Structures are given as structure tokens and as C-alpha cells.
Amino acid sequence: MPVVKEESHTAFDNEFLTNVGDQGRILEMLTRTSAYIAEFFKESERPVPAAGESQMKHFFQDIKQEHAFDSVLEEVMEHIMKRSLNISHPHAMAHLHCPPLLSGVCADVIVSALNQSMDSWDQSPAATAVEIEVVNWLCELYQLPQAAAGTFTTGGTQSNFMGLLLARDQYCARKLSHDVKADGLPSEAARFKIFCSEEAHFTVKKSAVQLGLGERAVIGVPADEHKKMSTEKLEAFIQEAREAGDHPIAIVATAGTTNFGSIDPLEDIYHTADKENLWMHVDAAFGGALALCSDHTAKLEGIENADSLAVDFHKLFYQPVSCGAFLVRSRDSFRFIRHGAEYLNPEDDREQGFTNLVDYSMQTTRRFDALKLLMTIRTVGTKKWSEMIGHGLKQAGCLAEKINDEPALHLVMKPEMNAVVFKYDPEHSFAKAEEDEINREIQQQLYASGEAVIAKTKIDGRQFLKCTLLNPLTTEKDIDHVIEAVIEAGREIELLRRRKSVEF
Ligand SMILES: Cc1ncc(COP(=O)(O)O)c(C=O)c1O
């Protein structure tokens, strides 16, 4: 008996993706949406709308007013798309925020249309199998052992949290014979310590807070002149902590720091973690993509020893937000987050060989983000994908060289990945605070003019500028354009300040 019905059977048929109602409507709405997207990117000449247009305003007269789909699309185009950051523009080089690959965008449409939920296999039969397969590919990519497993996550924040949660609970189980899942934190938790570079992402501290350990549980180990964690100091800090009666539980190594893209010495950190019997979590949210590039994989040497690993695809893997993964050396570690519900992940499912991915995740309902990777692997291919990743690093090297050769700019250090930190050196002499303000204003002025989107950051209290070359479409001409725009803005701001100081 075919399930296809010939006529609409409720008043809502045309609002859903069904086999009843006006089938042409599905095609029409999705085609119209694609047409607007294509038009937006065709017309968009700047990474951000020029000043005034980018102001966040009251968008619609009356949000409850109904309109035909086409006029809603027009409104979305005028009021939202045209006032959005165009992250695919080659002059958008601020944050670890990438232009999405078309293959990933198309996958995202399918993910939304199918609306599978990854918590139980019966809500995502094929998707569960795909996620398992893609996670296996990732475990292989990072050379983790057979027992490794993982899950897709919303990104580095969630993955770092999961790594530290498993580290905490494993320490409690093994060293203190204490079951956190059953009994909450043991009294010793007040003295738990997590070691990471002072350059590590703030989510290490945020996770410690959420895990009930407090911010002070995180010990920031000084970084060397290349912004990499000093292993000598790491060992000294661990000894100090032990002597003080603290309980070191984990080391977080960063493979690609947010500010500088520096990669901690993973091999050395592993030796320390192994000697000290500590969990090693690698935050490779940014740098994990280098595993795909044969020219750069050596930078990740030692990653294969991680007890857990965070990697983001919505950064250097060019996938639409959100898309990340958390991998763990031993599948068994997921027992610390497993909770059973008879209606969702019953024991008998497992006995019958069905995998319910809720057993590996912090989330229950979860998107089928693995499809983005699968479709990119199969359409773009790993070779071209790795070239795109390498392109950003090459462009960063090119930008750094140009900054080095430019007397008006000062490069902080040669980048290891694709984050370039520098500052504008005023032609005339200004107090340090004023020099910082000039740099801050340069970043703001470029954004307001719609010329370029670059970032700002502080090092030892001083203001710096930062470009993250995370766009395979950025050319040397774009790099020259941004350098010129920075210098021009700097000169203008300087002049205005000098005029003002003469007037007063
Ligand atoms: C090194 C590092 N770890 C973690 C994160 C957090 O990742 P997400 O924003 O995907 O949660 C970031 C974000 O930039 C990062 O740079």
C-alpha cells in the first residue's frame, strides 16, 4: 500500500516538507531563498555595510504582521542580510570565524530539512551510522587508538568542557575511589588543579567554574617568546602544587592559541602528563585542521597521545556554524556522562547492537552536523581542502613579511599558523596610552567604513591589532589593501589628534 496521499489532508500541509499538498512549494521556497542568498553575495562589495547602515535598528514595523513569503524574503534581504557581516569577503579577517564552504551550506540545508536528532538511533538511523563513520575517520586522522571514540559538539567550548569533565571524574574514580556521578564532588575537589598555558582559551577557566572547581583551579603556565607553554615551568608548577597539598588532575595543551595560533609542545607535554599520571586534553579547536595538511602535520606531533581532544570545523575546516567534535582516547570514559532513559537509550538497544549517540554527548536533541564533513570530503576532496587550509597559513606568512618590511607597522612575532598580531607605530611621538587608543581607533574606523574587518587584542596591557587569515579567497592584493587601509587610518587619526592637541 503506497503511503502517498493525493490530496491535502490538513490546513497545514503547505507549511511542511511532506508528500501531500503543493509539492512545488518546497522547491519554490528553497529556490527563492537560494536566489536571495546568491544575490546578496553578488551585490556585497564590503565585509560590513558602511557606517549608518550597520546600525542595529528596529527592523520591522510590527513583528507579528504576516506577509507573503517573497516579501518576507525581501525584508530579510534589506534589513538583515544587507546589514550582516559578510564573512566570505576577503577583507573579513578578524576572528576565528570562517567563510563556509558551499558543500557545508548545502549539507546544512539537508540537515535542517531531514531534522534528524542524533540522540537515539531510531530518530536518526542513517545519520547515526554517518556520524560514527566520520568520527572514526577523525580518530584515524589524529592517530588515536582503536578504543577511541567521539561525538560532534557545538564547538570548542563544549568540547573543552567535556574533556575536563571526564578528566575530573576519572581522577576521582581512580585516585579517590569516588563516584562523582552518584555523589557529587569529593572534599578534595577544592584542591584540584588544571594546568594550561597562560595563552589558553578562556573556556578552560569557564569549564573549571562550571565543573564546580572554581577559576582558581586553573594554573596558567607562562608561555615562551613564541607564545607556547613552557614545559619546564609546567613541571615546576606541578611540583609546587603537589608540595602544597593540591591535586593536579589534568593538563590542557593548546594546538593553535586564539591570539597567536601558537602550538604548545605536545610531545613534551605528553611526557610530563605521562610521568605525572595526568589527563592530557588537547584544545585543537583552531589548529586541528593542520592534520589534513602534509606540510604542517609535524606541528601537531604528539597529538596522538591526547586523552581527549577538541577540534572545530567551523574554524579552519570552513564549515557553517556550528560544527565541532570531541574525541576521547578510550570510549569507556564516556561512562561518566552516560544517563539512561528507558524511552531513549535502553540497555536492550545496546544488547541488540544499536548505538544511541546520546551516550556520548552532553546534549540530548542534537543536529546531524557530521553530514557537513561527509559532503565536503566527498565533493571538495581532502586534497583541495588541505590546500585551502594551507593557503591561509601562506597568506599569513605573506602578511607578516609585509608588516615586517613596513616602517609604520610593528610585527609581534612570526606566525606559526594564520593569526598575525601587530600594531601601528605612529609617525610622531605619543604617550603609550594614546598610542594604544590610536590602534583601537584604527580597528573601529576600518569597521565603520566597511573597508575591512580586523581584530584587536591586548598583550601585557598594550593594544595590538590582529588579522586572522582564515579565508581561502584572500589574495595578496587584499592583503596589500588592508595594510594600506590600516596605515591610512593611522595617519588620519594621528593628524586629528595632533590638530586637537594644538587647538587646546
Ligand atoms: C583555542 C580555542 N579553543 C576553544 C574555542 C571556543 O570554541 P567555540 O567558539 O567553537 O565554542 C576557541 C574559539 O575561538 C578557540 O580559539
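Yes or no, residue by residue, for (1) outside any helix (DSSP H, G or I); (2) within 14 Å of the ligand (Cβ to nearest atom); (3) in the same structural domain as Leu164 (by TED's automatic domain parsing):
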site: Ala310; (1), (2), (3): yes, yes, yes
site: Ala325; (1), (2), (3): yes, yes, yes
site: Asn345; (1), (2), (3): yes, no, yes
site: Asp359; (1), (2), (3): no, no, yes
site: Arg366; (1), (2), (3): yes, no, yes
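Name the single residue that is surrounded by the most Cβ atoms within 10 Å (Cβ to Cβ) among those in segment 259-311 being closer than 28 Å to Thr457 by Cβ and among the polar types (S, T, N, Q).
Only one residue tops the list, namely Ser308.
Among the listed residues Lys181, Lys175, Lys206, Lys193, which satisfies the condition of being within 16 Å of the ligand (Cβ to nearest atom), among the basic types (Lys, Arg) and at pLDDT 95 or above?
On the way: Lys181 fails: within 16 Å of the ligand (Cβ to nearest atom); Lys175 fails: within 16 Å of the ligand (Cβ to nearest atom); Lys193 fails: within 16 Å of the ligand (Cβ to nearest atom).
Checking each option against the conditions leaves just Lys206.
Which of the numbered conditions does Ala92 fail, given that it passes all the others? Conditions: (1) of a type in the set (A, V, I, L, M); (2) away from the ligand (no atom under 16 Å from the Cβ); (3) within 26 Å of Phe317 (Cα to Cα).
Every listed condition holds for Ala92 apart from (2).
Table: residues versus (1) polar (S, T, N, Q); (2) touching a residue at least 40 places away in the same chain (Cβ under 8 Å); (3) open to solvent by 10 Å² or more (accessible area, probe 1.4 Å).
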{"position": "Gly150", "(1), (2), (3)": "no, yes, no"}
{"position": "Thr153", "(1), (2), (3)": "yes, yes, no"}
{"position": "Leu165", "(1), (2), (3)": "no, yes, yes"}
{"position": "Tyr171", "(1), (2), (3)": "no, yes, yes"}
{"position": "Val180", "(1), (2), (3)": "no, yes, yes"}
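For residues that are in contact (Cβ under 8 Å) with a residue 60 or more places away in the chain and open to solvent by less than 50 Å² (accessible area, probe 1.4 Å), scanning just segment 332-354, find the one that is farthest from Met162 (Cα to Cα).
First, pick out the residues of segment 332-354 that are in contact (Cβ under 8 Å) with a residue 60 or more places away in the chain: 332-334, 336-337, 344-345, 349, 354.
From the residues that got through so far, the ones that are open to solvent by less than 50 Å² (accessible area, probe 1.4 Å) too are 333-334, 336-337, 344-345, 349.
Values: Ser333: 11, Phe334: 9, Phe336: 10, Ile337: 9, Leu344: 21, Asn345: 20, Asp349: 25 Å.
Selected residue: Asp349.
The values are calculated or read from the model by the stated rules, or taken from the named source; none is laboratory data. Just so we're clear, the structure is a prediction, and the values are computed from it rather than from any experiment. Using ideal geometry, Cβ is built from the backbone for each residue, glycine included, and neighbour counts are taken over all protein chains shown. The area values use the complete protein model at the heavy-atom level, side chains included, leaving out ligands, DNA and RNA. Shrake-Rupley method; radii C 1.70, N 1.55, O 1.52, S 1.80 Å.
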